[in-house]
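The values are calculated or read from the model by the stated rules, or taken from the named source; none is laboratory data. Quick caveat, the model's predicted, so the values are computed rather than measured. Quick reminder, even Gly has a Cβ in these numbers, built from the backbone with ideal geometry, and neighbours come from all protein chains shown. Surface accessibility is based on the protein's heavy atoms, side chains included, excluding ligands, DNA and RNA. Shrake-Rupley method; radii C 1.70, N 1.55, O 1.52, S 1.80 Å.
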Amino acid sequence: MGEADSPSVASVIEARNLSLTFETGDGPVHALSDIDLSIGAGDFVSLIGPSGCGKTTLLRVIADLETPSDGSITVNGVTAEQARLARAYGYVFQAAALYPWRTIARNVALPLEVMGLPARERRERIARNLELVNLQGFEKKYPWQLSGGMQQRASIARALAVEPDLLLMDEPFGALDEIVRDHLNEQLLQLWDKTGKTVVFVTHSIPEAVYLSTRIVVMSPRPGRIHEVIDSTLPRERTLDIRETPEFLDIAHRVREGLRLGHSYDD
Amino acid sequence: MTRVLAAISGAGGLIALLLAAAQDSTGPLAVRAFGLLVVLAAMLWLVRPVELSKWPSTVVAGGLSTVGAVLLLSQLDSITPAAGFWGATVAAWALAWLFVERLASIESRRQLIAWSLRLLIPLLFGVWLLVIWELCTRGLGVPQVLLPSPSAIGARMVSSTATLWADFKQTFLHAVLIGYALGCGSGFLIALLIDRSPFLQRGLLPIGNLVSALPIVGVAPIMVMWFGFDWQSKAAVVVVMTFFPMLVNTVAGLAASGAMQRDLMQTYAAGYWQTLFKLRLPEALPFIFNALKINSTLALIGAIVAEFFGTPIVGMGFRISTEVGRMNVDMVWAEIAMAAVAGSLFYGIVTLVERMFTFWHPSIRN
């Protein structure tokens, strides 16, 4: 059950017949099977599904952190590896993964140092992106002096500092409590609206997926595949209150149905 | 615990008071006075009109124990120690213990006080160890050959500074430091090579393991044959001893960075060297400093023992082996004391540098 291209926007990510099989001691594991997906510029796409459905693996294939065993993938019209080498995306992991020996400012500076940017440019980007995630004033703190939510915001600033058009986020708020999560969801949405970036967002929370996304990709496990793609009819500008509207609940219901149909109970 | 110590000091004071009172000469007068004071203090604490936990009690305990120590040390000069000497010793020692225990329980938020307490407590402890050592060896008339008193060792150190300095230069400044630098440096570089090449990992690591298992008493004479009698052969022994801990620790440290953090560097399209310098080496620092600390003591042991197997007529190991043969045990102890101080300082400096570089590590940052 693939999904047709949205012809109106240029395609940022194109996956065709994508498969990935891990060879393990207990035989092959089909992490991804026959994935067809295209994501247009400016989309906010959520990958949702139960654990083991390959949503993180798909994101890692897009980021060229895994190599598919079959099929093709292009990012910005080039191969995933070329895109990675061109620093086409910013990646936010499940944990903040900040380096404890660097201050917050120098953590944000890390990708910029790797890219070889001059010091003045680095300083500007650090200031700009820390402000974007509301962390100005914390430049000289070390990561272990901040709360989990602030650490994750710093890691988002670090991904944004690369100034990519594409943001790949792997359950970035999974480890945070509900209140912090709501707050960060709201901020992320504002950020997306302000910058017009394309976002691919992995989550296993239905409200989070529906609240954030313009398109929701429902995946199912064993083998990991796309079950259904749901286009959101919600307006682009949303507040947290939208979660009480019938429209929101209707989409959430469709996602829940999709997850249930795609889930196999034979194990 | 503090009450038990107060009781012990009181009992010791009482014994000193009674025994000294039985003699009429003027010598024991001071002992008598000291015993009386201790008994009074202990009674006040035990009957509890004065709380032991209050700071005046702490000051009194410290003051009395110091007075006792000075008094007892001065008694050593007379041919036979005054009556009540050992009772007073027990009393003074218990008071000193009490004092240190009270100091250790102080929790100050003021940085300066906390810091000076951290320095003062082990210092007091060490000084009292020396006092007891001095009182026991001289008070009981222990033969010099078995255990010289600290004062005899100190006198020997003062009278033989030129010899000690020459030995220090030969063993520590040459064999230890140069061997340490070469051993740690080569261990680190080989670890980097091993990290780059799986072939070396399979081939070199087992050989490194073999080298570490070589007995130092077997290696030392061979190194003397290869590199001659002077410090170069001792430095070679130190290299052999320090190489492997550094190699293993660095290899383990380079593998210590998490998968997520390495993926992060990959998303930045960082090269091998960038990943090495920005992620893997900082992550390996706690391991590398462990090796540096282990090696700082290993190097000194290695250099001293290696001198037992052929050396010019200078060096700490040489001095120890020859002076033992001549029954000059105080000189042996002087060398041991110097080795202990030098080794501790070396270790302390490495630890200080470690704190500067790995302040972020969970084991240090709190």
By the Cα gyration tensor axes a ≥ b ≥ c (a/c under 1.5 gives rounded; else a/b larger than b/c gives prolate, otherwise oblate), the shape of region B:2-142 is oblate
For B:Lys54, go through the aspartates and glutamates and keep the ones whose alpha-carbon is under 17 Å away, minus same-chain ones fewer than eight residues off.
-> B:Glu101, B:Glu107
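What does the helix-only formula give at 222 nm for the protein assembly as shown: each DSSP H stretch with n ≥ 4 adding -39500 (n - 2.57), the total divided by the residues, and the result rounded to the nearest 500 deg cm²/dmol?
On the way: 25 runs with 379 residues, N = 633.
The helix contribution divided over the protein assembly as shown gives -19500 deg cm²/dmol.
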Mind giving me the nanometre distance, one decimal, between the label points for B:Glu51 and B:Phe125, set 7 Å out from Cα along Cα→Cβ?
-> 2.7 nm
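Local charge sum around B:Ala255 (other residues, Cβ-Cβ under 12 Å, Lys/Arg +1, Asp/Glu -1)? The partial results should precede the final answer.
Details: positive: B:Arg262, B:Arg280; negative: B:Asp195, B:Glu283.
Neighbourhood net charge equals 0.
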Once you have the Cα-Cα distance between B:Phe277 and B:Ile313, take 0.36 nm times their residue separation minus that, and quote the gain in nm to one decimal.
-> 8.4 nm
Hits for chain B under the membrane-span-like helix rule (DSSP H, Cα axial span at least 27 Å, Kyte-Doolittle mean at least -0.5) are B:2-21, B:27-47, B:55-75, B:85-104, B:111-139, B:177-196, B:231-254, B:281-306, B:329-357
Report the label-to-label distance for A:Asp70 and A:Gln94 in nanometres (one decimal), using points 7 Å from each Cα along the Cα→Cβ vector.
-> 2.8 nm
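With the other protein chains left in place, how much accessible area per residue, in square angstrom, belongs to region B:157-365 at a 1.4 angstrom probe?
For region B:157-365, the per-residue accessible area is 47 Å².
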Using a Gaussian network model of chain A whose springs link C-alpha atoms within less than 10 Å, name the residue from A:Ile62, A:Ile48, A:Ile242 with the highest mean-square fluctuation.
-> A:Ile242
Note the full-extension length gain between A:Glu121 and A:Leu261 as 0.36 nm times their separation in residues minus their Cα-Cα distance, in nm to one decimal.
-> 45.4 nm
If each part is reduced to its alpha-carbon centroid, region A:185-244 and region A:11-89 end up apart, in Å, by 18 Å
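If R0 is 30 Å, what FRET efficiency do you get for A:Leu85 and B:Gln201 from their C-beta distance, rounded to 0.05?
Details: r = 28 Å, r/R0 = 0.92.
Efficiency, rounded to the nearest 0.05: 0.60.
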On Cα atoms only, tilt of A:178-195 relative to the major axis of chain A in degrees = 80 degrees
Which one of B:Leu200, B:Leu72, B:Leu300 has the biggest mean-square fluctuation once chain B is modelled by GNM with Cα springs under 10 Å?
-> B:Leu200
How far apart, in nm, are two points set 7 Å out from the Cα along the Cα-to-Cβ line at B:Leu345 and at B:Leu192?
-> 3.1 nm
Could you tell me which of the pairs B:Lys169/B:Lys234; A:Lys141/B:Lys278; A:Lys197/B:Lys278; A:Lys55/A:Lys141; B:Lys234/B:Lys293; B:Lys169/B:Lys293 are separated by over 24 angstrom between their Cα atoms in the structure shown?
-> A:Lys197/B:Lys278; A:Lys55/A:Lys141
Bin all alpha-carbon pair distances of chain B at 20 Å intervals from 0 and give each bin's fraction as a whole percent.
-> 22, 39, 30, 8, 0
Chain A, Gaussian network, Cα under 10 Å: of A:Thr245, A:Thr198, A:Thr79, the residue fluctuating most is A:Thr245
For the protein assembly as shown, just say rounded, prolate or oblate: build the C-alpha gyration tensor, square-root its eigenvalues into a ≥ b ≥ c, call rounded for a/c under 1.5, and beyond that prolate if a/b exceeds b/c, oblate if not.
-> prolate
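Where both partners of a DSSP beta bridge lie in the protein assembly as shown, what percent of those bridges are antiparallel, to the nearest 5? Could the numbers behind the result be given before it?
Details: 23 of 41 bridges.
About 55 percent, rounded to the nearest 5.
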Cβ under 9 Å from A:Thr233's Cβ, A:Thr233 left aside: what net charge do those residues give with Lys, Arg +1 and Asp, Glu -1?
-> -3
Which is farthest toward the positive dipole end of the protein assembly as shown among A:Thr245, B:Met1, A:Val78, measuring Cα position about the Cα centre, with Cβ charges +1 (Lys, Arg) and -1 (Asp, Glu)?
-> B:Met1
Accessible surface of the protein assembly as shown, 1.4 Å probe, proportion on carbon and sulfur as whole % = 64 percent
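How big is the B/A interface in buried accessible area, both sides summed, 1.4 Å probe, to the nearest 100 Å²?
Details: alone 19940 and 12750 Å², together 30600 Å².
Summing both sides, the interface buries roughly 2100 Å².
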Between region B:327-356 and region B:113-128, the Cα center-to-center distance that results, in Å | 19 Å
